[in-house]
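S.K.: Have a look at the structure that comes next, please.
The values are calculated or read from the model by the stated rules, or taken from the named source; none is laboratory data. Quick caveat: nothing in here was measured; it's all calculated off a predicted structure. When we count neighbours, we look across all protein chains shown, and the Cβ atoms used for this are built from the backbone with ideal geometry, even at glycine.
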Amino acid sequence: MNRKGFIAIHERDDLIRELLERWLGEAGYSVHPVAGESPRLVIADIPSPHVAPSRIEELQAVYAAPVLVLSGRFRRGPAGSAETARRLGVRRVLPKPFTRKELLSAVDEMLEGAG
């Protein structure tokens with residue numbers, strides 16, 4: 001059942017978390033860890049650019065996995081997202097709202113680089 005590995009989700013909004021779980025599950029990922037399993041990726045909502053550095057640092061201290069940042073507070077578009085990711089020290093930022101296709105594309109991109 002866990003074909004593509006475990007992805008940890010840190011999202012406070014129940015509806016968005018359920019949607020992420022459904023989309024990732026349909027794509028073959030597990031969103032509930034099996035004993036001893038480490039995540040391949042962490043998807044985390046960052047509610048504000050001001051708390052982003054400390055929140056990302058906390059997640060990186062807990063997980064040995066790349067972090068995909070979600071936020072409704074960051075600018076849309078490749079230039080804005082790339083610049084924000086660079087400033088935060090992550091590979092990818094996905095502004096909300098996003099589509100299923102955008103999410104899965106970002107996840108694939110993150111995991112390809114995590115090798």
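S.K.: For region 17-58, give me the residue count where each residue is surrounded by 17 or more Cβ atoms within 10 Å (Cβ to Cβ) and not aromatic (Phe, Trp, Tyr).
M.R.: Within region 17-58, the first condition is being surrounded by 17 or more Cβ atoms within 10 Å (Cβ to Cβ), and the residues that meet it are 20-21, 23-24, 29-31, 39-46, 52, 55-56.
Filter again for not aromatic (Phe, Trp, Tyr), leaving 20-21, 24, 30-31, 39-46, 52, 55-56.
Of the residues in region 17-58, 16 are surrounded by 17 or more Cβ atoms within 10 Å (Cβ to Cβ) and not aromatic (Phe, Trp, Tyr).
S.K.: Give the residues of region 64-113 that are among the small types (Gly, Ala, Ser), surrounded by 12 or more Cβ atoms within 10 Å (Cβ to Cβ) and either in contact with a Leu (Cβ under 9 Å, 6 or more places away or on another chain) or modelled with pLDDT of 85 or more (or both), sorted by residue number. Lay out the reasoning, then the answer.
M.R.: Narrowing region 64-113 to residues among the small types (Gly, Ala, Ser): 64-65, 71-72, 77, 79-82, 85, 89, 105-106, 113.
This time we only want the ones that are surrounded by 12 or more Cβ atoms within 10 Å (Cβ to Cβ), so: 65, 71-72, 80-82, 85, 89, 105-106.
Of everything in region 64-113, those that are among the small types (Gly, Ala, Ser), surrounded by 12 or more Cβ atoms within 10 Å (Cβ to Cβ) and either in contact with a Leu (Cβ under 9 Å, 6 or more places away or on another chain) or modelled with pLDDT of 85 or more (or both) turn out to be Ala65, Ser71, Ser81, Ser105, Ala106.
S.K.: For residues in region 42-63 being hydrophobic (A, V, I, L, M, F, W, C) and more than 14 Å from Ile9 (Cα to Cα), which is modelled with the highest pLDDT?
M.R.: Step one: of region 42-63, the residues hydrophobic (A, V, I, L, M, F, W, C) are 42-44, 46, 51-52, 56, 59, 61-62.
Right, trim to more than 14 Å from Ile9 (Cα to Cα) and you get 51-52, 61.
Details: Val51: 87, Ala52: 89, Ala61: 92.
Applying the filter and picking the extreme gives Ala61.
S.K.: Mind listing just one residue for me: the one in region 2-16 that is β-branched (Val, Ile, Thr) and in a strand (DSSP E or B) and, of those, surrounded by the most Cβ atoms within 10 Å (Cβ to Cβ)? Reasoning before the result, please.
M.R.: Of region 2-16, the ones β-branched (Val, Ile, Thr) are 7, 9, 16.
Filter again for in a strand (DSSP E or B), leaving 7, 9.
Values: Ile7: 25, Ile9: 21.
Applying the filter and picking the extreme gives Ile7.
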